[in-house]
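Some notes on the structure that comes next.
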Amino acid sequence: MRIGFVLGEFPRISETFVLSQITGLLERGHEVAVYAGQPGPRGPVHPDVGRYRLLERTLYWPELSGRGLARLRLRLAFLRRGGLGRRGLALRG
């Protein structure tokens, strides 16, 4: 399954629960992408960020353009309107 995390900042040393969700999904064989508004604060990062090469899976909003940005906006609008239901939302590229 392809799963996307939409975050304001990534990585953040204080948000270990998000990191645990991402790494747990990767360990279960899922494809995970991270969409973030900006990089987290400079300084130490959790070792799992490097171990799982999470920065390579991260796209920051200013880097998104064209179709990629349009798809992300559409998915976010879908989520804001409660579009998850029981099936969840698969992010397809």
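The value for segment 1-41 of Rg(Cα) / (2.2 N^0.38 Å) is 1.13. Using heavy atoms of the protein chains and a probe of 1.4 Å, the accessible area assigned to Phe17 is about 130 Å². Residues Leu7, Leu74, Leu54, ordered by accessible area of protein heavy atoms at a 1.4 angstrom probe radius and largest first, appear as Leu74, Leu7, Leu54.
Sparse packing (at most 15 other Cβ atoms within 10 Å of the Cβ) combined with a DSSP loop state is found for the following trypsin sites (Lys or Arg not before Pro) in segment 18-58: Arg28, Arg42, Arg53.
The values are calculated or read from the model by the stated rules, or taken from the named source; none is laboratory data. Just so you know, these numbers come straight off a predicted model, no measurement behind them. Every residue, glycine among them, receives a Cβ derived from its backbone with ideal geometry; neighbour counts consider all protein chains shown. Ligands, DNA and RNA are stripped out before the accessible areas are found, and what is left, the full protein with its side chains, is counted by its heavy atoms. Shrake-Rupley method; radii C 1.70, N 1.55, O 1.52, S 1.80 Å.
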